[in-house]
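Right, one structure below, let's go through it.
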Amino acid sequence: MIHPLETKNLCGGYGKLQVFKDVNLILPEGTTLGLLGANGVGKTTLLKTIAGLLSPISGNIGLGGVDVSAWPAYRRTREGVALAPEGRQIFGSLTVVDNLQLARNARPSTEPAASFATRLGEVFDLFPRLKERRDQPGGSLSGGEQQMLAVGRAMMTAPKVLMLDEPTQGLAPIVIEEMAQALGRLKGRFSILIVEQNRAFVERLADRMLFMDHGEVRDPSASVTSTRGVE
């Protein structure tokens, strides 16, 4: 069976430093998968490798049955992978709309403008605060609003696989609740991979959960196997 995301014996890290080893991950269509673990256990490194921001040491990354292991990040984005990174990484000097419009560069130039406009409307519907602040600089937003912007920017690329790295980091409980409600509306629309330390948040959203402790991923269904590493 072909899945939106599948890794086989994936090993990665930084240069000669191997961070994770032999990760075999299957993310079925429309499934939300949670990956729980403390800081420094390799979760972010794994997401960056899947997204193409880091080159794998060995193994394979498949998107919809296509091996993209050697593809640069922009090609993986066009194939359907989107990452809302840890720390948000928005452009503080650009307006909310400009931050979202940057995602247009990740899409094929032949895509109709109407498709992009439709996605923009969907982001504003999901996060009304962003619509209210559409002309404000990203740097003037609260931490929660910046996280909404990071998720919205990822959505603008029309993903098949949406990866969220620590989406609740540094957020107040009321904002975490807003984020959970928004992401709950996306369940089933994309295949979603959430990396988090907030177990209650992940349990609320995920269809399945994996656990990473000191670099070892534990999966009760045996879809993922890994060995020790560091983030």
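Does VAL123 qualify as being more than 27 Å from GLU177 (Cβ to Cβ), buried (at least 17 other Cβ atoms within 10 Å of the Cβ) and free of Cβ contacts under 8 Å to residues at least 40 places away in the same chain? No; evaluated as a whole, the condition is false for this residue.
Tallying residues that are farther than 13 Å from ARG153 by Cβ and not hydroxyl-bearing (Ser, Thr, Tyr) within segment 90-117 yields 7.
Here's the yes/no breakdown for (1) modelled with pLDDT of 95 or more; (2) farther than 24 Å from MET1 by Cα; (3) of a type in the set (Phe, Trp, Tyr); (4) touching a Lys or Arg at 6+ places or on another chain (Cβ under 8 Å):
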| residue | (1), (2), (3), (4) |
| --- | --- |
| GLY62 | yes, no, no, yes |
| GLY65 | no, no, no, no |
| SER69 | yes, no, no, no |
| PRO72 | yes, yes, no, no |
| THR77 | no, no, no, no |
| PHE91 | no, yes, yes, no |
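Here GLU177 meets the list (1) within 15 Å of the chain's Cα centre (by Cα); (2) more than 15 Å from LEU33 (Cβ to Cβ); (3) exposed (fewer than 15 other Cβ atoms within 10 Å of the Cβ) almost entirely, failing just condition (1). Can you tell me which residue in segment 1-18 is modelled with the lowest pLDDT, limited to those that are among the aliphatic types (A, V, I, L, M) and surrounded by 23 or more Cβ atoms within 10 Å (Cβ to Cβ)? Ranking the candidates gives LEU10 first.
Could you check, for segment 65-77, whether at least one of its residues is of a type in the set (Phe, Trp, Tyr) and exposed (fewer than 15 other Cβ atoms within 10 Å of the Cβ)? Checking segment 65-77: at least one residue is of a type in the set (Phe, Trp, Tyr) and exposed (fewer than 15 other Cβ atoms within 10 Å of the Cβ). Scanning segment 93-103 for residues that are out of contact with any Ser or Thr (no Cβ under 9 Å at 6 or more places or on another chain) and closer than 26 Å to GLU6 by Cα yields a count of 0. Might you let me know whether segment 25-38 holds any residue that is closer than 19 Å to GLU166 by Cα, assigned to a strand (DSSP E or B) and of a type in the set (Ser, Thr, Tyr)? Scanning segment 25-38 turns up at least one residue that is closer than 19 Å to GLU166 by Cα, assigned to a strand (DSSP E or B) and of a type in the set (Ser, Thr, Tyr).
Annotation: ASP207 fulfils all but one of (1) surrounded by 13 or more Cβ atoms within 10 Å (Cβ to Cβ); (2) over 23 Å from ASN24 (Cβ atoms); (3) out of contact with any helix residue (DSSP H, G or I) (no Cβ under 9 Å at 6 or more places or on another chain); the unmet one is (2). Need a quick list: strands (runs of 3 or more DSSP E) entirely within segment 116-229 having at least 1 residues that are modelled with pLDDT of 95 or more and under 24 Å from VAL68 (Cβ atoms). The strands (runs of 3 or more DSSP E) meeting that bar are 161-165, 191-196. Got at least one residue in segment 137-147 being under 13 Å from the mean Cα position of the chain (by Cα) and under 26 Å from GLN197 (Cα atoms)? Within segment 137-147, one or more residues are under 13 Å from the mean Cα position of the chain (by Cα) and under 26 Å from GLN197 (Cα atoms).
The values are calculated or read from the model by the stated rules, or taken from the named source; none is laboratory data. Source: prediction; values computed, not measured. Note that we place each Cβ from the backbone using ideal geometry, even for glycine, and neighbour counts take in every protein chain shown.
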